[in-house]
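Structure record follows, encoded as structure tokens.
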Amino acid sequence: MIEYKGLNALDDGWVIAETEFDARFLGKFETIFCQGNGYLGLRAATEESYPGEKRNLFVAGAFNRFANQEVTELPNAADMVQLEIRLNGKPFHLEKGKIHSYRRELDLRQGELRRDILWEDEHGDQFKMTFRRFVSLQDRHLMGMRVQITPLSKAAVISICSGINGQMTNSGAQHFIEGERRVFDKELLQLTATTTESNIEFVHTCAHQMYEGGVRLTTAPAPSMDRRRVSLTYKLKAEVGKCITLDKVASVHTSHDKEWRDRGAAHQALQDTAREYLSKKAEKGFDVLVNENEQAWKGIWAKANIEIKSNDVFDQLAIRFAQYHLLLMTPAHDSRFSVGAKGLTGEGYKGHVFWDTEIFILPYFLYMEPQTARKLVKYRYHTLNGARKNARDKGYRGAMYPWESAATGEEETPEWGPVDVVTGTPTYIWTGKIEQHITADVAYGVWHYYQATGDQEYMDRCGYEIIFETATFWASRLEWSDKEQKYHICDVIGPDEYKEHVSNNAFTNYMAYWNMTKAIECTRKLMQVQNDIYLTLESQLDLSGRLKEWEDKSKLIYLPQPDVHSLIIPQDDTYLKRQVIDLERYRNQEQVASILADYSMTQLSEIQVSKQADILVLFYLLEDWFSKETKAANWHYYEPKTLHDSSLSLSTHSMLASDVNELELAYDMFAKAARVDLGTNMHSSDEGIHSASIGGIWKAAIMGFGGVRSWEGSLRLNPKLPEAWQRLSFPLAWQGERLQVTVTRGKLEVERLTSGLAELTLLIHGQEYVLKDRIVTDLKEAERSE
Ligand code: BGC
């Protein structure tokens with residue numbers, strides 16, 4: 001069903017193929033074969049339609065609220081990929097007739113999707129069909145497709161109806177008011193539509209060119225218009241053995257695009273621009289556009305190539321697959337937007353942004369493409385006022401970042417979720433109200449960015465303010481316990497969402513403490529060395545008053561400590577007192593979250609079972625605050641109670657297993673994490689890609705086995721290759737410099753690719769090295785001296 005090409009040197013880990021058509025698994029391939037460029041995300045629905053398919057085309061950041069009682073979501077733009085192909089009058093449909101050969105491949109080298117089919121219709125006539133498709137990395141508004149049909153048995157009448165279909169919905173919610181439909185010069189179509197609440201105009205444009213045996217056909221197609229739809233039908237008789245080609249290029253522009261957002265009623269200008277843009281692209285022709293796209297991808301891979309030499313070639317493919325999707329999901333062109341939990345690949349999570357971004361996705365860009373990382377941290381500044389409003393609305397001070405974020409930074413988590421197995425009613429979703437660690441995670445992302453890039457300008461203009469406002473939120477959130485004479489944080493959800501309404505979740509308390517102490521440190525530093533910035537922020541935020549509050553309160557935050565004997569840190573006040581049950585059956589489940597068919601959320605709170613890594617995430621974010629022994633003890637205590645029902649879990653476990661020298665476990669977890677989307681579970685990705693897990697693949701490889709960490713401005717490398725790997729080589733951006741790190745068995749080489757003036761100091765297995773041009777070190781030595 002799925003083939004991972006890569007067993008010969010030429011194809012080494014670049015191609016994923018669907019080798020048989022099976023309509024039960026449309027969702028799997030629609031998601032993993034998705035194409036895009038951070039602006040557009042095009043789900044890989046096939047040209048011909050099947051029941052159960054999900055045709056999705058999303059534009060990053062263009063949110064709309066369908067009705068007042070609903071949360072905002074990314075609307076599904078008009079479809080331009082669907083084709084109605086008729087061969088001798090009968091629809092081309094793979095569930096009819098006979099498939100002699102079938103193969104659909106995504107080639108990660110240039111993001112091209114290609115499908116080759118040899119199909120026989122119900123009368124025994126055979127056709128060779130080829131479909132190619134790209135979403136351009138060179139031109140973010142552009143996509144293109146080519147269809148080639150060759151009758152093999154006898155001459156055939158081929159008709160293809162192609163156009164723009166604005167009848168799309170998000171699971172039934174129609175987000176658009178119909179606009180205009182036009183046919184220009186019998187080959188260029190345009191359809192506009194405006195979102196109902198956010199008032200964003202979408203302009204969809206497409207153009208066609210038809211060829212027979214390489215010669216352009218001039219016969220006019222038949223145009224037609226329906227409600228929310230415009231199309232052209234080409235019909236011709238093809239000789240046996242003669243190839244008919246339809247090239248289609250299409251574009252999407254919106255009034256929300258950076259270039260248009262301030263232009264008010266530029267309605268006509270937007271349409272004209274889109275039309276001119278597309279005509280020019282169409283003139284270039286499919287081959288040129290494909291080539292431009294390929295060159296753009298080449299540029300990406302030349303800079304971002306990560307090599308994994310492993311006994312299993314899948315590992316190499318998995319890291320490239322992750323990089324491919326990281327690029328697709330991230331709106332690197334515009335800091336008003338960020339990464340959705342399903343990227344732009346599906347309706348799941350409605351395009352909303354979670355802690356996934358700071359903790360699982362941002363690290364990739366920090367160390368690979370810092371300019372893009374800057375956009376992601378700027379998004380949180382862009383939404384700071386929304387976060388301030390959330391805090392005010394809930395009676396707190398400062399800024400409280402939403403658990404689910406969209407355009408404004410106000411809370412967008414839906415209130416009702418799946419059925420509760422006990423009551424039969426929808427489950428109330430508490431995360432939007434009480435999963436508050438996100439606020440500290442955002443501050444952490446800002447600090448991490450600053451450490452890795454040294455981008456002082458960002459800190460001065462945005463970063464400090466975020467750190468101060470989030471620390472102020474925590475100061476107002478703490479609750480004094482007379483009994484313990486400590487500040488507690490009660491009634492929260494930690495990362496482990498199977499524990500609702502808990503108090504003193506260790507992750508939340510430590511991160512809140514980190515956030516407040518970081519604000520104290522930054523304020524003191526500003527007072528001493530950047531008085532101008534200090535004075536500006538002092539006048540806006542009353543920093544001196546806040547400093548005192550942070551100092552007084554942070555000292556008294558309750559931080560759960562490891563037990564003196566077992567070293568176990570209680571995940572929250574009650575976790576360790578809960579019942580331990582046999583979780584075998586749920587840990588061996590085929591589909592995640594099978595436990596929810598037996599237990600309600602309330603019942604889950606009563607047993608020691610975790611959805612995902614909780615305390616363990618802390619061990620990586622604040623790694624120097626905990627001993628290796630504590631990390632190991634907690635890994636071994638909590639992991640057997642964890643169902644990995646969130647895709648964020650496995651990569652964290654893998655990284656932490658590397659840290660505590662459990663390399664076999666680390667590799668096992670890496671292998672599982674790498675298969676969350678790409679593996680053979682045919683339904684795990686139906687709702688879209690698992691963005692955080694995709695970021696986690698890179699993290700487990702580079703931060704886990706590569707041992708890359710930054711701590712307070714210093715870069716650490718503690719590489720440890722798993723048994724199966726012979727070599728890991730990766731680029732690394734660090735404070736404006738570019739390095740290439742290569743780990744082989746027993747040896748580490750760090751090469752400086754840029755020639756910055758400053759000497760770089762690195763910590764390798766705890767030992768300090770000064771990097772001028774290159775460091776080559778014996779890893780066994782370095783590990784021994786650790
Ligand atoms: C996880 C969260 C995550 C969200 C979006 C949930 O299932 O528990 O940690 O942020 O999915 O990926």
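The residue list 76, 68 contains one member that is part of a loop (DSSP other than H, G, I, E, B), without any contact (Cβ under 8 Å) to a residue 24 or more places away in the chain and not β-branched (Val, Ile, Thr), which is 68. When segment 225-260 is examined, which residues are found to be part of a loop (DSSP other than H, G, I, E, B) and either modelled with pLDDT of 95 or more or touching a Gly at 6+ places or on another chain (Cβ under 9 Å) (or both)? Correct list: 227, 228, 239, 240, 241, 242, 243, 255, 256, 257. The single condition among (1) within 16 Å of the ligand (Cβ to nearest atom); (2) touching a residue at least 60 places away in the same chain (Cβ under 8 Å); (3) not hydroxyl-bearing (Ser, Thr, Tyr) that residue 583 does not satisfy is (1).
Residues are listed down the side, and each one gets a yes or a no for (1) open to solvent by less than 20 Å² (accessible area, probe 1.4 Å); (2) hydroxyl-bearing (Ser, Thr, Tyr); (3) touching a residue at least 40 places away in the same chain (Cβ under 8 Å):
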{"position": "204", "(1), (2), (3)": "yes, no, yes"}
{"position": "209", "(1), (2), (3)": "no, no, yes"}
{"position": "240", "(1), (2), (3)": "no, no, yes"}
{"position": "250", "(1), (2), (3)": "yes, no, yes"}
{"position": "258", "(1), (2), (3)": "no, no, yes"}
{"position": "261", "(1), (2), (3)": "no, no, no"}
{"position": "267", "(1), (2), (3)": "no, no, yes"}
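Looking only at residues of segment 638-692 that are on the phi > 0 side of the Ramachandran plot and within 11 Å of the ligand (Cβ to nearest atom), we find that the one that is most open to solvent (accessible area, probe 1.4 Å) is 644. Here residue 53 does not qualify as touching a residue at least 24 places away in the same chain (Cβ under 8 Å), in contact with a strand residue (DSSP E or B) (Cβ under 7 Å, 6 or more places away or on another chain) and charged (D, E, K, R). When 392, 336 are screened for being part of a helix (DSSP H, G or I), away from the ligand (no atom under 16 Å from the Cβ), surrounded by fewer than 20 Cβ atoms within 10 Å (Cβ to Cβ) and of a type in the set (Lys, Arg), only 392 passes. Candidates are the residues of segment 426-439 that are assigned to a helix (DSSP H, G or I) and buried (at least 24 other Cβ atoms within 10 Å of the Cβ); the one that is nearest to the ligand (Cβ to nearest atom) is 438. State which residue is farthest from the ligand (Cβ to nearest atom) when the search covers only segment 345-371 and only residues that are open to solvent by 10 Å² or more (accessible area, probe 1.4 Å) and not in a helix (DSSP H, G or I). Filtering first and then ranking leaves 369. Looking across 606, 629, one residue alone is more than 13 Å from the ligand (Cβ to nearest atom), closer than 24 Å to residue 437 by Cβ and charged (D, E, K, R). It is 606.
Residue check: residue 27 meets all listed conditions (1) buried (at least 21 other Cβ atoms within 10 Å of the Cβ); (2) modelled with pLDDT under 95; (3) among the small types (Gly, Ala, Ser) but one, namely (2). Among the residues of segment 537-558, the ones that are out of contact with any Ser or Thr (no Cβ under 9 Å at 6 or more places or on another chain) and of a type in the set (Gly, Ala, Ser) come to 2 in all.
Look at residue 162 and say whether it is modelled with pLDDT of 95 or more and part of a strand (DSSP E or B). Judged against the criteria, residue 162 is a match. Taken over segment 660-698, the residue count meeting the criterion of being in a helix (DSSP H, G or I), in contact with a helix residue (DSSP H, G or I) (Cβ under 6 Å, 6 or more places away or on another chain) and within 17 Å of residue 728 (Cα to Cα) is 5.
The condition (being of a type in the set (Asp, Glu), over 30 Å from residue 21 (Cα atoms) and assigned to a strand (DSSP E or B)) is satisfied by just one residue among 197, 178: 178. Restricting attention to segment 181-194, the residues being touching a Pro at 6+ places or on another chain (Cβ under 9 Å) and part of a loop (DSSP other than H, G, I, E, B) number 2. Scanning segment 440-459 for residues that are over 19 Å from residue 388 (Cα atoms), open to solvent by 10 Å² or more (accessible area, probe 1.4 Å) and in contact (Cβ under 8 Å) with a residue 40 or more places away in the chain yields 447, 448, 451, 453, 454, 455.
Considering each residue of segment 73-90 in turn, none proves to be touching a Pro at 6+ places or on another chain (Cβ under 9 Å), buried (at least 18 other Cβ atoms within 10 Å of the Cβ), farther than 22 Å from residue 131 by Cα and of a type in the set (A, V, I, L, M, F, W, C). Of all the listed residues (460, 532, 496), the sole one being within 16 Å of the ligand (Cβ to nearest atom) and either at pLDDT 95 or above or part of a helix (DSSP H, G or I) (or both) is 496.
Go through the residues of segment 212-224 one by one and say whether even a single one is touching a helix residue (DSSP H, G or I) at 6+ places or on another chain (Cβ under 9 Å) and either on the phi > 0 side of the Ramachandran plot or not in a strand (DSSP E or B) (or both). Scanning segment 212-224, I find no residue that is touching a helix residue (DSSP H, G or I) at 6+ places or on another chain (Cβ under 9 Å) and either on the phi > 0 side of the Ramachandran plot or not in a strand (DSSP E or B) (or both), so the answer is no. Just checking, does segment 699-706 include any residue being touching a residue at least 12 places away in the same chain (Cβ under 8 Å), under 25 Å from residue 318 (Cα atoms) and outside any helix (DSSP H, G or I)? Looking for residues that are touching a residue at least 12 places away in the same chain (Cβ under 8 Å), under 25 Å from residue 318 (Cα atoms) and outside any helix (DSSP H, G or I), one finds at least one in segment 699-706, hence yes. For segment 297-322, filtered to residues that are within 17 Å of the chain's Cα centre (by Cα) and open to solvent by less than 10 Å² (accessible area, probe 1.4 Å), the residue that is nearest to residue 434 (Cα to Cα) is 322. The number of residues in segment 715-740 being touching a Ser or Thr at 6+ places or on another chain (Cβ under 7 Å) and aliphatic (A, V, I, L, M) comes to 1. In the set (1) within 13 Å of the ligand (Cβ to nearest atom); (2) within 17 Å of residue 75 (Cα to Cα); (3) of a type outside the set (S, T, N, Q), the condition left unmet by residue 331 is number (1). Answer with yes or no whether residue 196 is over 21 Å from residue 249 (Cα atoms) and surrounded by 17 or more Cβ atoms within 10 Å (Cβ to Cβ). Considered against the rule, which asks whether it is over 21 Å from residue 249 (Cα atoms) and surrounded by 17 or more Cβ atoms within 10 Å (Cβ to Cβ), residue 196 comes out as yes.
Comparison of 397, 374 shows that the only residue that is closer than 30 Å to residue 33 by Cα and either open to solvent by 10 Å² or more (accessible area, probe 1.4 Å) or part of a helix (DSSP H, G or I) (or both) is 374. Inclusion of residue 508 among residues that are within 25 Å of residue 620 (Cα to Cα), within 16 Å of the ligand (Cβ to nearest atom), β-branched (Val, Ile, Thr) and outside any loop (DSSP other than H, G, I, E, B) is warranted.
The values are calculated or read from the model by the stated rules, or taken from the named source; none is laboratory data. Bear in mind the structure is a predicted one, so any value in this text is a computation, not a measurement. Every residue, glycine as well, gets a Cβ built from its backbone with ideal geometry; the counts of neighbours run over all protein chains shown. Surface accessibility is based on the protein's heavy atoms, side chains included, excluding ligands, DNA and RNA. Shrake-Rupley method; radii C 1.70, N 1.55, O 1.52, S 1.80 Å.
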